Amino acid sequence: MPLGHAPIGDVYEDPWKALGGWFLGPRAENADVFMSIFQEVFEEHVRLRKNYFPADPEYLTEEIKRSAPYLSEVEDTRACLMKMQEDMAGNTPFFSPRYQAHMLWDTTMPSLLGYMTAMLFNQNNVDSAASPVTTLYEHQVAQQLCDMLGYNINPRRKGPLSWGHITSGGSVANIEALWASRNLKFLPLSVKSALMNEDPKCEIRSCVSKEQVEIGLQTPVLVYNKDEKCRKETALGECTTWQLLNMDVDEICDLEQRIYEKMQSLGTVEVSKIHCIIKAESIMSIGMLNFFRKHNLNHSPVYTCPANNHYSWSKAGTLLGLGYDSNIPIALDTHFRQNLKHLEEVLERCLNEERPVIASIAVIGSTEESAVDPIKAMYELRESFKNKGLNFALLADAAWGGYFKTMLIGAPVEDEILINKTDGFVPYCKLSPYVQEQYENIQLADTITIDPHKSGFCPYPGGALCYRNSKMRLTLATSYCAVIMNGDDDPNLSVFGVEGSKPGAAPAGILMSHRVIGLSNFGYGRILGQCTSISKLFYAMWLTVARDDDPFVCVPLQDVPEGYDVESAKKLVMDKIAYKPLSEIFLCKEAKDFLTLCGPDTMINTFVVNFKGNKDVAKCNKLQLALSDAMNIFVGSDSSRVPLMLMQSSFGAKAHGEGLLVFKKKLGLYLGEEDLNVMVNTCMNPWQSNESAFEIGDLLRNIVLNAMGRIEDEIVPHRFVHCDSKDSLGESNTIYLEYLTCSDILEHHYQASIKVQMSNSDKEMVKKYRLICKQNGQPVVFETVEGVHPKEGSLKLNLYDLLHRKGIEVRMRFFNDPAGNMITFKVVDMPRFQRLDPSSYVSYPEKQKYFIFGDPNTTVITHLISKFPDFQHTALLKKRPDYLTEQMLHLGVLAEVQEIEDSTLPEEKTTRLHLQDQCSYIVKFKGELGATIHTTIKVRETVHFAELGSVINGFVDASIDEGVQQEELVDTVIVEADQHASSCAAS
């Protein structure tokens, strides 16, 4: 196989297993493999340094390495690097299945190892002399991408040869694509102008004879003839300005070469000098204003983009001097793809005005709507406009979607044959027929932007631009290139493109990934096919996550497939997809067909959560912002308390047009001109199980309910009980507080466990308050008064903002202190914050569930309230349970008590079974790596107990006074509880 061809990858009977060797893994499962391979590479690098002129002296002598300055600097490096690693722990956990936000996931092991290996050589691909190896790597990567995308890389094949190179990202590639298109657009005018210059001082007269100039002007070019209403060959010198502005891309690329060949038929031609003369007439040389004046151009050129185009396209217009308004936005259809009817109207208007159109851009995988533009139809539309006299370049922005073409290369192993063969199977889902058709025709574009650092799973910076016709790039050269004549690749890539210096490590990493994984259905196509399956399952989950009686709705952006309405689609999901094993789903033809047709074009789900019955867009937008705050980490925040990460974005009303109006209608919102905030879920994890996808939906439900409370809750006092021994506070200035839930007031329908910090003076006050409570037989209860912000001062806030808002400290009063003393707490950790789920679908669990959390000094266990009526019980354990690590204790775990069944509270006033002081119980919880752990806990003492009724009883009477003295509850405990307590005491 020639080096430039896209590698196919290895074929296996069970291809999903190969993915295990391509990534470090969500739990760093391949850490030993990664370290072993890199150690080999590093040792080879060391040997290389030692073997280069081995007689050269050693510069870092043992004496230097024993010196104090040397040792100090080495230690500084180690200390600073460990501090940096500590800082990096604050990054987003992009490697985790819980990260479902941006177009960012784990990078492949081959790409990381290749990058790190090349990085040790610090190659600069600005010049082949500074990067003799990685420059060739860049050429190979670019040819592989061109080949994969369907461009010609074989000189023996008919048609122009393609070319590409690596950029820092899609933005630079897009800018370059438009830059090349603009320069190419006006090149024929430059050529004609140079040849027709009759000034005796003009250099061209000294290079070639008058006869050679004349024969050059007779070069035939294919242009539209208005009188004959068809395209026909016309001599270059006889063409009008408008005709020359609408030549074919390939014909412009060949124009100079064809003129040179004609001139050479009459004698020797100094090609390099003539090229420089033509270049002197170019728009790059004399500038837009002078060029337009010289050629009497009265209309500014434009280019078209879908209205949801990436901002790099507008940047390109301003950088090229075309102006922001030169980017004409094309309306989107109801699928959020480019509306061809509107594009046709814009092109027709430009034709009538004789306004030059530089290019039309198709987005192949938009980064929020996950939409693939109809590039085949856009190509056909351009062909029809050619026959009217309007021509332009067709550019594809496949920065996100480019690698999906690998799903069409090679035939995937039929998953139905393999489903029952092994555990760990994740199915491959094909692209929808519409999307597949666009990828089958992506090579019709004149340039394609593609980002290996997105759906290629390679490290940043790794973008790329591929040209269908390699000669198109020559318009960017700032110096004469021999390729104009002989077509050979100039190894110095900096001649073309925007960038100069760039790392050779980037193409090295990409090349390694391509070589190992392969650009076909057996490699990258398999990864993306599995991710596509996951994205369809997430779509099904978002469609059904809101229950019929929920106070919210969740609406995915994409419609349900044709042949379904929303209700029938939901029924299919709940009956045949939700929580079911992947093998079972993909053996069901109806479920598999539904998943193939539903959801996003390219793995990005977009949806909106709205208050049920809400019509106000502003309120809906506020909810998305609240969800974003809860599902993202920011500078200084801790990702360990964010169980799910999604991205929030905004759809502009003007840009999204009709499609957004239809979407607002589905959400029940007013159809105004307001922008709409949306949530975005990018599925780049190829191992997500269906069960875990729907468990993520359960997480979202809790987050949504919390966010709704943040927006709608009134400001009322809230009470917390101190979770600690009734003895001294010890040395620490931090304590745990448990929120006191109550059924009477909606704003009290929460469970929360928080860790707070206090000053030394406040700590002394708390000690005294604890003594008062102990003497009176009362719990240590605090009641919120207000929030305190260092800049904004005192603030009245609801519970969510009191505990979550950055910079807020919480002022509380001693609830059982007649003196009404107050202290200020700073929330430093929150193991749990959950609004109770009001859905009628909520049932009591078969076994009682408790939440265990704490630190090395304190282990707290608190009952999980399912629904009202229920009870609240918080107690201290004698020690951290066996097999529960300190880290998991810090995070908190959900434990199921094996001896005590849970059930609905009987109508008569009795208390259901709960943990008894000084008793031991077997609990089950999920430990590290998902292991099911059974271990024994021993309850030290109860901190708080209260029944929570289903009717209004009065907060103080029902939830505090009734629970303050454990002895008052004895008569209410059913007989089985007494028996269990007796057996505990006996043992």
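Return a whole-number percent for the relative contact order of the range 284-337, with Cα pairs under 8 Å and 6 or more residues apart as the contact set. Show your work: numbers first, answer last.
Working: 42 pairs, mean separation 20.3, N = 54.
Taking the mean separation of contacting Cα pairs over the length of the range 284-337, I get 38 percent.
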Problem - Farthest toward positive dipole pole in the chain [+1 Lys/Arg, -1 Asp/Glu at C-beta], among M574, T77, C723 - result: T77
Exercise for the section: Pop out the ³J(HN,Hα) list for the range 586-603 in order, Karplus 6.51 cos²θ - 1.76 cosθ + 1.60 with θ = phi - 60°, rounded to Hz; leave Gly and Pro as x. Expected result: 7, 8, 8, 4, 5, 5, 5, 5, 4, 5, 4, 8, 8, x, x, 5, 9, 6
Completion exercise
Partner lysines whose C-alpha sits under 26 Å from that of K454, ignoring same-chain residues fewer than 8 away, are K17, K315, K376, K405, K430, K502, K536
Exercise for the section: Straight distance only, please: which aspartates and glutamates reach the Cα of K774 with their own Cα at less than 15 Å, same-chain residues fewer than 8 apart left out? Expected result: D724, D727, D817, E941, D961, E967
Exercise for the section: Could you please state how large a percent of the accessible area of the range 697-796 is carbon and sulfur, counting protein chains only and using a 1.4 Å probe? Expected result: 50
Handout entry: Heavy atoms of I527: accessible area, 1.4 Å probe, square angstrom to 10
Key = 0
Handout entry: Ranking by accessible area, most exposed first, for C683, C276 with a 1.4 Å probe
Key = C276, C683
Practice task
Straight distance only, please: which lysines reach the Cα of K65 with their own Cα at less than 27 Å, same-chain residues fewer than 8 apart left out?
Solution key: K50, K83
Handout entry: Charge dipole magnitude, Cβ of K and R +1, D and E -1 - the range 513-577, Cα centre, debye nearest 20
Key = 580
Exercise for the section: Among L799, Q264, M758, pick out the residue whose Cα is farthest towards the positive end of the charge dipole of the chain, where Lys and Arg carry +1 and Asp and Glu carry -1 on C-beta, about the Cα centre. Expected result: Q264
Fill in the blank from the handout: Scoring the range 112-217 by relative contact order with C-alpha pairs under 8 Å, at least six apart, yields a percentage of 13
Completion exercise
Given unit charges at Cβ for Lys, Arg (+) and Asp, Glu (-), the dipole magnitude of the chain about its Cα centre in debye, nearest 20, is 2020
Exercise for the section: For the range 1-143, just say rounded, prolate or oblate: build the C-alpha gyration tensor, square-root its eigenvalues into a ≥ b ≥ c, call rounded for a/c under 1.5, and beyond that prolate if a/b exceeds b/c, oblate if not. Expected result: oblate
Practice task
Rounded, prolate or oblate: pick one for the range 205-284, where a ≥ b ≥ c are the square roots of the eigenvalues of its C-alpha gyration tensor, a/c under 1.5 means rounded, and failing that, prolate if a/b is larger than b/c, else oblate.
Solution key: prolate
Problem - Computed over the range 518-594, the ratio Rg/Rh where both radii use C-alpha atoms and Rh is Kirkwood - result: 1.03
Handout entry: Relative contact order %, the chain, counting alpha carbon pairs below 8 Å whose residues are six or more apart
Key = 12
Fill in the blank from the handout: Given backbone amide H placed at 1.01 Å from N, residues whose amide H is under 5 Å from that of V678, ignoring those fewer than 5 places away on the same chain, are S649, S650, F651
Exercise for the section: For F42, tell me the accessible area in Å² from a 1.4 Å probe, rounded to the nearest 10. Expected result: 90
Handout entry: Stretchable slack from Y311 to L71, in nm (0.36 nm times residue separation minus alpha-carbon distance)
Key = 81.5 nm
Completion exercise
Heavy-atom accessible area per residue of the range 487-602, all protein chains kept, 1.4 Å probe, expressed in Å², is 33
Exercise for the section: Starting at the first residue of the range 925-935, write each ³J(HN,Hα) from the Karplus equation 6.51 cos²θ - 1.76 cosθ + 1.60 with θ = phi - 60°, in whole Hz, x for Gly and Pro. Expected result: 8, 8, x, 4, 6, x, 5, 7, 10, 10, 8
Practice task
Sort the range 291-342 into rounded, prolate or oblate with this rule: let a ≥ b ≥ c be the square roots of the eigenvalues of the Cα gyration tensor; rounded if a/c is under 1.5, and if a/c is not under 1.5, prolate when a/b is larger than b/c, oblate otherwise.
Solution key: oblate
Handout entry: Accessible surface, 1.4 Å probe, highest first, among residues K938, K619, K386
Key = K938, K619, K386
Handout entry: Gained length - L661 relative to D616, 0.36 nm times residue gap less alpha-carbon distance
Key = 14.8 nm
Completion exercise
Projecting the Cα atoms of G25, Y921, C350 onto the charge dipole of the chain, where Lys and Arg contribute +1 and Asp and Glu -1 at Cβ, the residue farthest towards the positive end is C350
Completion exercise
From DSSP H assignment alone, runs of 4+ in the chain each adding -39500 (n - 2.57), the sum over residues rounded to the nearest 500 puts [θ] at 222 nm at -11000 deg cm²/dmol
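The values are calculated or read from the model by the stated rules, or taken from the named source; none is laboratory data. Note that the structure is predicted; figures quoted are calculated from it, not measured. Cβ coordinates were reconstructed from backbone atoms using ideal geometry, including for glycine residues, and neighbour counts include every protein chain displayed. When the accessible area is computed, the model is the full protein with side chains, heavy atoms only, and any ligands, DNA or RNA have been set aside. Shrake-Rupley method; radii C 1.70, N 1.55, O 1.52, S 1.80 Å.
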